[in-house]
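Engineer: Structure in C-alpha cells, see below.
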Amino acid sequence: MASISIFSTPNSAASLSSTLSSRSSQSQPKCLIGFKTCTSFKTNLASSVPSHKSHPHTLRGALLIKCSLPVGNGSPPKRTTLHDLYEKEGQSPWYDNLCRPVTDLIPLIEKGVRGVTSNPAIFQKAISSSSAYNDQFRELVQAGKEIESAYWELVARDIQDACKLFEPIYDQTDGGDGYVSVEVSPRLADFTERTTEAAKWLHKVVNRPNVYIKIPATVPCIPSIKEVIAHGISVNVTLIFSLARYEAVIDAYLDGLEASGLNDLSRVTSVASFFVSRVDTLVDKLLEKIGTPEALNLRGKAAVAQAALAYQLYQKKFSGPRWEALVKKGARKQRLLWASTSVKNPAYPDTLYVAPLIGPDTVSTMPDQALQAFIDHGTVYRTIDSNVSEAERAYKAIEKLGIDWRFVGTHLELEGVDSFQRSFDSLIDTLKEKANSIRLVSH
C-alpha cells in the first residue's frame, strides 16, 4: 500500500461551516443528472401519489431522469419504484455519486433517493473533471492552504450541502435515514489510531447530524470502528467483502455501543457496506479458470449468494439478550448496505445486484447505471431471503471447487483500498498542478 501522508488539519472547523443560503446558490440552479439540464424545481419530499403498476422492459439507451417543473398549483412528483422500495419493503435507495452543484440531487430526491454515498474515486472524478471547484480552490491556494487541507475543504463543502438537502428526510425519520457518507483518507487504511483521529476530525469539520464517516473494514481499522462509535459518531463501514469480516464489523459496532457510556444510543447509527458486483468479477474469473460445466454454471451467482448469507448473519447478530439490552437504551440496528451494485458483466441483467437483495432495514446504494435501470424496469418485492437454501448451496459449491472465500475477501479488500489510494493520490497530484498554475498567474 502507499506510504502514509497525513493531511493537514485546519485549526478550526468553523472555516468550513457555511450553509447553502450563504453561498452563490441564490441564483437559479440547473439540474444535471448525467444527460440533460433543466430548470431546478422546489423539493417536495412528501409523496401521497397512489402506486402505479410497473411494466418491466428492456432499457434502451440511457434513461433520462427529468426534472419535475412546477406546474399549475404545484403537482406532486411522480411516484417511482424507489418510493415503493422504501414504503413497501423497507429498503432505502441511496445514490452512489456526488459532485457540484449538489442541487443535481434534487430531482433524484423527488424520485425517491434517500441518501448519498461518496468515496475517493467519486471525488477524484468530480473535482478533476469539473470547473465547479475552481473558484473555491483558487481562494484556498491564494490563502496559503496546503493541498490536502484544500482538498478536505472542497469535499466538506459538498458533504455539508448534500446533508442540507437530505435533512428533511433525516428529520422525518427521526435520524433513521437521509445520510450522506464521506470517507477518511484511504492512506490511513493500515493505521488504527490515525484512522480514529481522522474520523473524529472529519466529523467535527462537516458538523452535520446526518453525516456518516466512512471507515474501511480492514483489520487495523476494526478497532477504529469501535472507538469512533463509542465516541458517539455515526459510521459507514466500507469495503466489506466477506462474511467473516462482516461479523467482525458487527461486533465492533456492538462493542462501541456498549463502551460509549451513553444512556441514549438512538443518535448513534451505522451501516455496513457489503460489496457485491466485485465479488462476481473475481469469482467468475476463478470459475472460468477451473472450466468445468459445474464451475461455469456458477458464474454470476457468488455475489448474491454471499450477500443473502450476510443478511442471515445480520438477523442472527441483531437479536438475542446482548442486542435486547442495547435496544433498551435506544440502539438502532446497523443496517446492511449493498454497495458496488453496478453490473460489470454486460451479459448479466442490469438490476442483478439490486433486485435479488431487497429486504427490510437495508440500504441499496446505486450509481447512475443501476439507479436508471431500477427506476425504469425494476420490480419491488422481498427477495433477500426468498431462497436461502439455494444461496447456501451456491456458496458451498464454490468452496468445494477449491475457491477460498477468505482469499476472495482479502484480495478484493486489498484491491479496493489500493484503488481508492490511487484515486486519492491522482487527485492530489492534479490539485498540485492546478495550484502551481494559480501561483504562476498570481505572480
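Each value in this text was obtained by applying a stated rule to the coordinates, not by laboratory testing. Only a predicted model underlies this, so the values are computations on that prediction, with no experimental measurement involved. When we count neighbours, we look across all protein chains shown, and the Cβ atoms used for this are built from the backbone with ideal geometry, even at glycine.
Engineer: Filter segment 262-291 for residues that are touching a Leu at 6+ places or on another chain (Cβ under 9 Å) and without any contact (Cβ under 8 Å) to a residue 40 or more places away in the chain and give the result.
Structural biologist: Once the filter is applied, which keeps residues that are touching a Leu at 6+ places or on another chain (Cβ under 9 Å) and without any contact (Cβ under 8 Å) to a residue 40 or more places away in the chain, segment 262-291 yields only Glu288.
Engineer: Which members of segment 318-342 meet the condition of being among the charged types (D, E, K, R) and either touching a residue at least 60 places away in the same chain (Cβ under 8 Å) or more than 18 Å from Ile240 (Cα to Cα) (or both)?
Structural biologist: Selection gives Arg322, Glu324, Lys328, Lys329, Arg332, Arg335.
Engineer: Next up: Sort out which residues of segment 323-341 are farther than 18 Å from Lys285 by Cα and in contact with a helix residue (DSSP H, G or I) (Cβ under 7 Å, 6 or more places away or on another chain), and write them in order of number.
Structural biologist: Hits for segment 323-341 are Leu326, Ala331, Gln334, Leu336, Trp338, Thr341.
Engineer: Of everything in segment 375-392, what is part of a helix (DSSP H, G or I), in contact (Cβ under 8 Å) with a residue 24 or more places away in the chain and within 24 Å of Asp284 (Cα to Cα)? Give them in sequence order.
Structural biologist: Val388, Glu390, Ala391, Glu392
Engineer: When you go through Leu336, Leu296, Leu326, Leu309 one by one, which is the residue that is surrounded by fewer than 23 Cβ atoms within 10 Å (Cβ to Cβ), hydrophobic (A, V, I, L, M, F, W, C) and closer than 13 Å to Ile384 by Cβ?
Structural biologist: After ruling out the rest, the residue left standing is Leu309.
Engineer: Would you be able to say whether some residue in segment 364-376 is closer than 20 Å to Gly178 by Cβ, buried (at least 20 other Cβ atoms within 10 Å of the Cβ) and among the small types (Gly, Ala, Ser)?
Structural biologist: Among the residues of segment 364-376, at least one is closer than 20 Å to Gly178 by Cβ, buried (at least 20 other Cβ atoms within 10 Å of the Cβ) and among the small types (Gly, Ala, Ser), which makes the answer yes.
Engineer: Name the single residue that is surrounded by the most Cβ atoms within 10 Å (Cβ to Cβ) among those in segment 103-136 being over 14 Å from the mean Cα position of the chain (by Cα) and within 26 Å of Asp418 (Cα to Cα).
Structural biologist: Going through the qualifying residues, I end up with Tyr133.
Yes/no matrix, rows are residues, columns are (1) outside any loop (DSSP other than H, G, I, E, B); (2) surrounded by 19 or more Cβ atoms within 10 Å (Cβ to Cβ); (3) within 14 Å of the chain's Cα centre (by Cα):
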{"residue": "Ser181", "(1), (2), (3)": "yes, yes, yes"}
{"residue": "Arg187", "(1), (2), (3)": "yes, yes, no"}
{"residue": "His203", "(1), (2), (3)": "yes, yes, no"}
{"residue": "Pro209", "(1), (2), (3)": "no, no, no"}
{"residue": "Pro223", "(1), (2), (3)": "yes, no, no"}
{"residue": "Glu227", "(1), (2), (3)": "yes, yes, no"}
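Engineer: Which condition number does Ser277 fail, the rest of (1) surrounded by fewer than 23 Cβ atoms within 10 Å (Cβ to Cβ); (2) under 17 Å from Glu390 (Cβ atoms) being met?
Structural biologist: (2)
Engineer: Sticking with this one: Restricting to helices (runs of 4 or more DSSP H) lying wholly in segment 270-362: which have 2 or more residues that are within 21 Å of the chain's Cα centre (by Cα)?
Structural biologist: Filter on segment 270-362 gives 277-290, 302-317.
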